[in-house]
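Report on the following structure.
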Amino acid sequence: MVQLGDSRPEPSPRRWTLAITVGATVPWARSGEMRRVRPYALVLGILALAFLGRVLGQALVGLWSPAFLPPMEEWYSGLLPYPILLPAQIVILAGQLEVSRQLWAGSGPLVRQHTRLGSSLKWFALVYFVAMVARYVIVMAVFPERRWFGGTIPIFFHWVLAAYVYVLSRFHRGLPLGRRVGSSSA
């Protein structure tokens, strides 16, 4: 409704329809929430892309052994047989893709923040990371000929997965993606 003395034009019904449609599709379209969520989708997408590179690299080595990539012994710890490992990695990648897609779109059940889930993910990520640090130390102690980087591709990408879980935990705990100087939340 236009009041007397107000020179602004009344919004057209078409604009209102667009605003209602966007607001229904993306619940936080009018707030700054989307600007807060998108960086998580981006960082998680980059970490998932790094993991995809590992999966594709190992598959290429397994199929064709290209000279520009390290040999299979460097990619594969042998803890899981490769016919079981590859499908497990594909399931992980599919989950990562879905998390990133929902965060980027701003809709879906994975976008709702769950503080308890975030806290659980944080502790899982920290234990997972520390376990892989311990694995690295043990591998380097047992196999001194591998120092510093021999056979570490699996360990490094476990760190990537731990980072993925940790970033996701920060989203669910409602924490900003980066820390400000002097901030004490981790």
Scanning for something touching a Leu at 6+ places or on another chain (Cβ under 8 Å), assigned to a helix (DSSP H, G or I) and farther than 15 Å from residue 156 by Cα, does region 61-70 turn up at least one residue?
yes
With the structure loaded, tell me whether residue 95 is part of a helix (DSSP H, G or I), of a type outside the set (A, V, I, L, M) and over 19 Å from residue 177 (Cα atoms) or whether it fails that test.
yes
Does at least one position in region 134-144 carry a residue that is touching a Phe, Trp or Tyr at 6+ places or on another chain (Cβ under 9 Å), not in a helix (DSSP H, G or I) and not basic (Lys, Arg)?
no
Close pairs from region 21-48: first more than 15 Å from residue 97 (Cα to Cα) and at pLDDT below 75, partner charged (D, E, K, R) and surrounded by 14 or more Cβ atoms within 10 Å (Cβ to Cβ), Cβ under 9 Å, at least 6 apart
26/33; 27/33; 28/36
For region 107-133, which positions are among the hydroxyl-bearing types (Ser, Thr, Tyr) and either assigned to a helix (DSSP H, G or I) or free of Cβ contacts under 8 Å to residues at least 40 places away in the same chain (or both)?
115, 119, 120, 128
Answer with yes or no whether residue 67 is at pLDDT 85 or above, surrounded by 14 or more Cβ atoms within 10 Å (Cβ to Cβ) and aliphatic (A, V, I, L, M).
no
Within region 129-170, restricting to residues that are under 22 Å from residue 58 (Cα atoms) and in contact with a His (Cβ under 9 Å, 6 or more places away or on another chain), the one that is surrounded by the most Cβ atoms within 10 Å (Cβ to Cβ) is 132
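The values are calculated or read from the model by the stated rules, or taken from the named source; none is laboratory data. These numbers come from a predicted model, not from an experiment. When we count neighbours, we look across all protein chains shown, and the Cβ atoms used for this are built from the backbone with ideal geometry, even at glycine.
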